[in-house]
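Read-outs: derived from the displayed coordinates by stated rules, not from any lab. Computed from a predicted model, the values in this text were never measured in an experiment. With ideal geometry, Cβ positions are generated from the backbone for all residues, glycine too; neighbour counts draw on all protein chains shown.
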Amino acid sequence: MANAPSFIGFSTIDRKKPPFTITDFDLVKRDLLNHFSTRKGERMMLPEFGTIIYDLLMDPLDDVTKDLITTDATRIIDEEPRVSLESMKLSEHNQVILLETQLTYLPDGITEDLVIQFDIDLQE
């Protein structure tokens, strides 16, 4: 018999019909992607929620910008108690920032990659 899920949530993203339930590591990844898809200050009543990365897309990806992005991404991941950050790699091509992370889902010890693309065309 399969183990009961530790965490249960709801998402309609990438789903055309029910069930909309997602669990465990899929839920954690969706929660992180939601956080990274929100600009900091955009969420009513939660001014610290979100990321500053969209504000940096037009800046040159120099050491200062890289540090701002990795610090912000680390902050967001560290706020998620269900995962630990194993590694992070940052790259840029034509105003697209690619954030490649390796995360360990703490309840089960599962390690997976989570790749997030920040595109100037997707920020509106």
key: Hz values of 3J(HN,Hα) by residue in segment 68-77 - Karplus curve (6.51, -1.76, 1.60), Gly and Pro given as x   = 4, 5, 5, 5, 5, 5, 5, 4, 4, 5
note = Taking r as the C-beta separation of Met44 and Asn3 and R0 as 35 Å, the FRET efficiency to the nearest 0.05 is 0.40
Amide H contacts under 5 Å for Ile52, placed H, 5+ residues apart = Lys40
task = Name the residues whose placed amide hydrogens come within less than 5 Å of the amide hydrogen of Glu92, ignoring near sequence neighbours (fewer than 5 apart) on the same chain.
result = Leu98
ask   = Fully extended, how many nm does the chain gain between Ile120 and Glu86 (0.36 nm per residue separation, minus their Cα-Cα distance)?
value = 9.5 nm
query = Once the Cβ-Cβ distance between Arg30 and Met58 is put in as r, and R0 is 22 Å, what FRET efficiency do you end up with, to the nearest 0.05?
reply = 0.20
key: Per-residue HN-Hα couplings for segment 87-92 [Karplus 6.51, -1.76, 1.60; θ = phi - 60°; Hz; x = Gly/Pro]   = 7, 8, 10, 10, 9, 9
